[in-house]
Structure formats: structure tokens, C-alpha cells
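What follows draws every value from the coordinates through simple rules; no lab data is involved. Keep in mind that what you see is a predicted model, and the values were worked out from it rather than measured. Please note: Cβ atoms are built from the backbone with ideal geometry, for glycine as well, and neighbour counts cover all protein chains shown.
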Amino acid sequence: MTALAGIGVLVALVLGTGLDAVRDALAPVGWGIVPIVLSHALAVLLDVVAWRLLFIGPAPSLGALFGMRWIGEGVNNLLPVAQIGGELARVRLAMLSGVETSRAAATVLADVTFGALTQMVFALIGVGLLLAAHEVGSVVPVVSGLLLFGSGIFAFYWIQRGRGFGVLWRWVSAVLPKQDWAARLGGMGSFQTELDRIYADRRAAGWSCFWRLAGWFAGAAEIWLCLWFLGVPARWTDAIILESLSQAGRSAAFTVPGAIGVQEAGFVAIGLVLGLDPSTALALGLIRRARDLALGLPALAVWSAIEARRSGAVGQDGAR
């Protein structure tokens, strides 16, 4: 239902802006879409460096983790999984690579937490730059939303560190007893131990947050590159504002698959404040959507092949 609503918003935006205007705005890009898509590899790599720091002891190679992250992003961007399915896919792929289940789950959970924390910092930077360089109306809704988001991050962290996680664990086990989650994660104690070890290593956690924040700024570099190919002389600060606030809006719309419609509307709304033509701002959102498809579809195909190969191997072992 939310996907249909999002598609409706996207169609309304395109028709309201004008098909010809959007097409003309996209025309200068041409083959520039290729370097735009490939430039996302930097953001993924920085996120992978951040994730790998959370493995206490032996860890998969950067290349292996890059593939897991790529597939996880594809799942979150293209499937109706409320931005959770991609993280579960990362856990599963890490398990298939030989990482213990409890360790794989703990590193992904901590990575998600640090990702949310650094995204809030990035969004605050974007709001600060917006207020410093542009005349805007009331920012109370934006600031209130960020405060609410920050409260949610704190609560999420508290649950992981306190008794709340044990309560949540027992509730999940009671609701889904057939899945035997405790056994899958090596028991609550093992999982909690791995999580505590990650948070206790403040140096690794600090560097992980640093690289995560660098990954958000790499996304802003993508926006700047998109605007350059669109023929718009944008400032670096405007690229940060566009990326930080559009990503915040995308996270808020986690129930909408791929934030379809929401992402594009966010670019148009923020672009208007920055003085961008609506057709250019919408073209920017459509380029980002094309990037998600160009990277996400192959990622889903690779994941499907991995699962099919594993199922075939299990079937052959069972037949012996």
C-alpha cells in the first residue's frame, strides 16, 4: 500500500513538473550516469571499513564485506523490507562466509546503531549549513524530528546495553518459538557478549563512527557530481544539505519500499529552498533512483545465485 502511494507521489511530481521539463533537465547527463553510479563505490567502501572495525579478532576481507554490503543495500533499496531485510541479508551472508552467527549479528547491529548516530550528526550539519547560508522559514519541525530521531537512537542503544534487550529477546522467543532464535544466535549470552565487546572497544567504535560519517560525506560528493553533470554549478555546502536532509527524510519513510516518491519529493522540497529549478531537483532524485536500480538489480541477482548454489549443495549432501 505504501509503495503504491509512493509511486503515486512520484507520478504526480513528474506530471506536475512537466515531462518535457524533466527530460530536458536530464538530457545533459548522458553517459555521465556511468561515473555517477560507479562513484557510489566510495561510500560503500567507507561503510565497509567502518563495519570491519567492529569484528573483534579475525574478520572477512574487505572485498567479501563489500559484496555483503552491496547486496544488503540492494535488498533495502528494492524490496519491501522496511530497511531491515538488507541487514538480515548481511548477517546471513557473513554466516555463510564462516562468521559465527552471534558475532555476525552483533557486528551488524552495532553497525546499524553507529550508522544511525552518524546520520543524525550529518543531518545536524546539513541543518546548520542551511541556516547559515539560506533564508528559511521555521525549522522547528526539522529540529523536532531530529531530536525524536536522536531519542530513538539512545533508546535503541540502551536496549542493547541494558536489561531491555533481554526482555526483547524473551518476547521474540515467545512469539516465534519455532524459529529457535536463541539457538541460531548461539544463545542470548553469546550474542550479548559479542555486542558488549564491540561497545567496550571505544577506539574501534570511534573509528567506525568516523568512517561511517565519511561515508555520508561521500554521498554528498555523489550529489555534487550529479549536479555537475546536470550542468548546475552547485556549492559543496549545497550538496551536503541536499544529501543530509534527503537521507534523513528517506530514513523517516522506512515503511515505504525504497522511499519511492518520498526521496524525489525531498529533493524537490530542499531544492526549492536552495534555489534549484523543480525539474533539476526532480532530475537529481531520478538519477539517484536509477543508481539504486543499476546497483540493486545485479546485487539481488548475485544473492539469488548464492542462495541457489547453497541450496543445491545442501541437496546434494542430503542425497548422499
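Rounded to the nearest 10 degrees, the inclination of helix 101-133 to the longest alpha-carbon principal axis of the chain is 20 degrees. For the chain, the longest principal axis of the C-alpha atoms and the axis of helix 33-52 are separated by about 40°. With +1 on the Cβ of every Lys and Arg and -1 on the Cβ of every Asp and Glu, and nothing else charged, how large is the dipole of the chain about its Cα centre, in debye rounded to the nearest 20? The calculated dipole for the chain is roughly 980 debye. Estimated from helical segments only, the mean residue ellipticity of the chain at 222 nm is -27500 deg cm²/dmol, where each DSSP H run of four or more residues counts as -39500 (n - 2.57).
Backbone geometry of the stretch 266-275 corresponds, through the Karplus equation with coefficients 6.51, -1.76 and 1.60 at θ = phi - 60°, to 3J(HN,Hα) couplings of x, 4, 5, 5, 5, x, 4, 5, 7, x Hz, x marking Gly and Pro. Model label sites at Thr255 and Val302, defined 7 Å from Cα along the beta-carbon direction, differ in position by 3.3 nm.
Given R₀ = 25 Å, FRET efficiency for Ala133-Arg23 by Cβ-Cβ distance, to 0.05? Before the final figure, lay out each step's value.
Numbers: r = 31 Å, r/R0 = 1.22.
For R0 = 25 Å, the calculated efficiency reads 0.25.
How do Thr118, Thr101, Thr193, Thr107 line up, fewest other C-beta atoms within 10 Å first? Walk me through the numbers on the way to the answer.
Values: Thr118 21, Thr101 18, Thr193 15, Thr107 26.
Taking fewest neighbouring Cβ atoms as first place, the list is Thr193, Thr101, Thr118, Thr107.
Under a Gaussian network description of the chain, with springs only between Cα atoms under 10 Å, the residue in Ala221, Ala133, Ala290 that fluctuates furthest is Ala133.
For the stretch 204-275, what class follows from the C-alpha gyration tensor (a ≥ b ≥ c being the square roots of its eigenvalues): rounded when a/c is under 1.5, otherwise prolate if a/b is larger than b/c, else oblate? Judged from the Cα gyration tensor, the stretch 204-275 comes out oblate (a/c at least 1.5, b/c at or above a/b). In this rough spin-label picture, where each label sits 7 Å from Cα along the Cβ direction, the Tyr199-Ala82 distance is 2.2 nm. Relative to the first principal axis of the alpha-carbon coordinates of the chain, what is the inclination of helix 62-78, with its axis defined by its Cα atoms, in degrees from 0 to 90 and to the nearest 10? Compared with the principal axis, the helix lies near 60 degrees. Taking a Cβ cut-off of under 12 Å around Gln247, the surrounding Lys, Arg, Asp and Glu residues balance to a net charge of 0, with basic ones at +1 and acidic ones at -1. Working note: Karplus 6.51/-1.76/1.60 with θ = phi - 60° gives the stretch 11-28 the couplings 4, 4, 5, 5, 5, x, 6, x, 4, 5, 5, 5, 4, 5, 5, 7, 3, x Hz, where Gly and Pro are set to x.
Taking Cα atoms of the stretch 14-99, Rg/Rh with Kirkwood Rh, to two decimals? Don't skip to the end; give the middle numbers.
Numbers: Rg = 17.6 Å, Rh = 15.3 Å.
Result: Rg/Rh = 1.15.
Rounded to the nearest 0.05, the FRET efficiency derived from the C-beta distance between Ala12 and Ser311 at R0 = 41 Å is 0.45.
In the neighborhood of Phe217, defined by Cβ-to-Cβ distances under 13 Å, what is the net charge if each Lys or Arg adds +1 and each Asp or Glu adds -1? Net local charge, Phe217 excluded: -2. All other residues whose Cβ lies under 10 angstrom from that of Ser190 are scored, Lys and Arg at +1 and Asp and Glu at -1, for a net of -1.
Mind running the shape call on the stretch 2-314? Use the C-alpha gyration tensor, a ≥ b ≥ c as the square roots of the eigenvalues: rounded below 1.5 for a/c, prolate if a/b tops b/c, oblate otherwise.
On the way: a/c = 1.90, a/b = 1.57, b/c = 1.21.
Prolate, since a/c reaches 1.5 and a/b exceeds b/c.
For Glu87, Glu135, what ranking results if the residue with the fewest other Cβ atoms within 10 Å of its Cβ goes first? Write down the numbers at each step before the final one.
On the way: Glu87 19, Glu135 7.
Fewest-to-most ranking of Glu87, Glu135: Glu135, Glu87.
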